[in-house]
Amino acid sequence: MKEHKHPENSPDYKGLKVNKGIKQMPSVNPDAAKKFIKRKQLSAKEYIKGILDGDIIILSRAVTLIESARFDHQSLAQEIITGCLPHSGKSMRIGITGVPGAGKSTFIEALGMHVIGKGRRVAVLAIDPSSSRSNGSILGDKTRMEKLSTNKNAYIRPTPSAGSLGGVARKTKETIILCEAAGFDTIIIETVGVGQSETVVHSMVDFFLLLMLAGAGDELQGIKRGIMEMADAIAINKADGSNVDKAKMAQAQYKSALHLFPLTESEWEPPVKTCSSLYNSGIDDVWEMIMEYQKETEENGYFEHNRRNQAKHRMVETINEVLLGDFYSHPKIRNQITTFEQLVLDDKKSSFQAAKELLDKYYRSIKNS
């Protein structure tokens with residue numbers, strides 16, 4: 001009797017038939033597995049060349065290095081920044097903030113597409129708020145800017161704020177340098193919303209735009225004076241349909257309020273514009289206003305003066321960040337911080353006394369090392 005792969009199919013077994021089985025599929029999709037293959041770590045020179053060539057993938061990897069807290073990543077990131085620094089500074093940096101629901105993402109997409117139509121390249125650094133409980137962020141700005149995110153002349157980088165002041169990610173300034181080196185001549189920073197610490201945004205942009213809504217209650221109640229004093233212009237969004245009259249009324253109110261403030265160092269009088277991101281109306285007026293501001297401040301010398309002050313401010317800010325990080329990561333402090341916290345909670349030490357003793361321990365350990 002001839003042997004069969006399936007004996008049941010032998011003529012001796014009448015009425016039985018076993019069909020040939022199909023090939024078993026691998027438990028892991030080979031295409032998906034490729035994503036987990038460790039990528040080759042590039043050198044600083046390779047990163048710099050890729051960025052200067054406008055390679056978006058390498059730019060994104062470099063930004064990830066900047067945002068990383070790992071020491072080896074930070075060391076490499078600083079080399080990349082140093083190499084890109086001579087090729088930066090040739091962009092218009094625009095900060096955009098506003099009340100929740102003002103349509104910041106929709107406005108930025110409309111403005112970005114308009115700017116690209118003028119032959120420019122746009123990088124959007126969209127800062128998403130991080131959860132105070134989980135430290136997670138949705139990072140959904142790319143989905144809200146569908147047209148802009150698929151345009152070859154645009155780059156959108158959503159970043160979690162990670163609790164940093166002003167709703168701006170800790171390394172946003174360094175990311176600006178890399179984007180400028182990659183050839184983006186218009187940098188837009190979208191913040192998480194209005195707050196007293198929005199000065200962080202103001203300290204790294206050339207033009208600060210406050211986006212507002214009309215018809216949302218008392219127009220001047222929901223905005224702090226400090227934010228209005230920092231704004232180089234106010235744009236009232238969603239000025240369409242039945243909201244047009246309300247937008248014009250809000251425009252008049254804001255104009256009256258701005259006249260009460262003293263003239264800024266730039267000698268620029270902040271205008272108030274109305275626009276509709278949804279219907280793409282008034283966006284061209286906003287852009288022309290930004291270009292007019294750049295022209296005027298370059299002519300009177302404020303533009304360069306402001307950039308120099310920002311660089312100095314960033315140096316001091318970095319020193320503060322490094323010192324703070326070094327203090328909390330020091331072994332002697334890290335091991336005792338919980339003990340001192342408990343002593344304060346138990347009213348055995350005052351907050352000031354505990355802080356002074358911890359600082360004394362830190363200074364002594366540095367001196368003896």
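Taking H as built 1.01 Å from N, whose amide H comes closer than 5 Å to the amide H of MET92, not counting residues under 5 places away?
Placed amide hydrogens put THR186, ILE187 under 5 Å from MET92.
Roughly what % of Cα-Cα distances in segment 78-119 sit above 15 Å, to the whole percent?
62
Which order do TYR293, TYR47 fall in if you start with the one that has the fewest other Cβ atoms within 10 Å?
TYR293, TYR47
Treating the beta-carbon of each Lys and Arg as +1 and of each Asp and Glu as -1, no other charges, what is the dipole magnitude of segment 282-324 about its Cα centre, to the nearest 20 debye?
Result for segment 282-324 is approximately 440 debye, rounded to the nearest 20.
Once you place label points 7 Å from the Cα toward the Cβ at LEU52 and THR150, how far apart are they in nm?
Modelled inter-label distance: 3.4 nm.
Amide H of SER281 versus every other amide H placed in the peptide plane: which residues, excluding those fewer than 5 positions away on the same chain, fall under 5 Å?
HN-HN under 5 Å from SER281: SER276.
How far is it, in nm, from the label point at GLU321 to the one at GLU229 when both lie 7 Å from their Cα along the line to the Cβ?
A separation of 2.6 nm, rounded to one decimal place.
Going by C-beta contacts inside 10 Å, put PHE208, PHE352 in order with the fewest on the left.
By the 10 Å Cβ count, ascending: PHE352, PHE208.
Considering amide H positions built from the backbone, and no H for Pro or chain starts, which residues 5 or more places from MET212, or on another chain, come under 5 Å of its amide H?
ALA235, ILE236, ASN237
Starting from a Cα-only point model with no solvent, please compute log10 I(q)/I(0) by Debye for segment 228-369 at q = 0.09, 0.13, 0.17 1/Å.
These q points yield log10 I(q)/I(0) values of -0.60, -0.75, -0.94.
Can you give the charge dipole size of segment 41-85 about its Cα centre, rounded to the nearest 20 debye, using +1 on the beta carbon of Lys and Arg and -1 on the beta carbon of Asp and Glu?
With Lys and Arg at +1 and Asp and Glu at -1, about 40 debye.
Apply the Karplus curve 6.51 cos²θ - 1.76 cosθ + 1.60, θ = phi - 60°, to the phi angles in segment 43-51 and return the couplings in whole Hz, x for Gly and Pro.
Along segment 43-51, the couplings run 7, 4, 4, 5, 4, 4, 4, x, 5 Hz.
Tell me, what ³J(HN,Hα) does each residue in segment 269-274 have, in order and in whole Hz, if you take phi through Karplus 6.51 cos²θ - 1.76 cosθ + 1.60 with θ = phi - 60° and put x for Gly and Pro?
8, x, x, 10, 10, 10
Measuring from label point to label point, each 7 Å out along Cα→Cβ, what is the GLU296 to GLN336 span in nm?
Taking the two extended label points, one gets 5.6 nm.
Give me SER281, SER203 sorted ascending by neighbouring Cβ count inside 10 Å, so fewest comes first.
In order of increasing Cβ crowding within 10 Å: SER281, SER203.
Determine the relative contact order of segment 219-369: mean sequence separation of Cα pairs under 8 Å and six or more apart, normalised by residue count, in whole percent.
Relative contact order, segment 219-369: 17 percent.
Just list whichever of LYS49/LYS104; LYS248/LYS295; LYS45/LYS147; LYS40/LYS312; LYS171/LYS348 have alpha carbons separated by over 30 Å in the model shown.
LYS49/LYS104; LYS45/LYS147; LYS40/LYS312; LYS171/LYS348
Mind checking the full-extension length gain between ARG307 and LYS356? Use 0.36 nm per residue of separation minus the Cα-Cα distance, one decimal, nm.
Using 0.36 nm per residue and subtracting the Cα-Cα distance, I get 13.9 nm.
Could you give the size of the charge dipole of segment 313-368 about its Cα centre, using +1 on the Cβ of each K and R and -1 on the Cβ of each D and E, expressed in debye and rounded to the nearest 20?
Dipole of segment 313-368, to the nearest 20 debye: 240 debye.
Go through segment 203-212 residue by residue and turn each phi into a ³J(HN,Hα) via Karplus (6.51, -1.76, 1.60, θ = phi - 60°); whole Hz please, and just put x for glycine and proline.
Running phi through 6.51 cos²θ - 1.76 cosθ + 1.60 with θ = phi - 60° gives 7, 10, 10, 8, 9, 10, 10, 9, 9, 10 Hz.
Computed from the coordinates by the stated procedures, all read-outs in this text should not be read as laboratory data. Just so it is clear, the model here is predicted, and its values are computed rather than measured. Ideal geometry is used to build each Cβ from the backbone, glycine not excepted, and the neighbour counts take in all protein chains shown.
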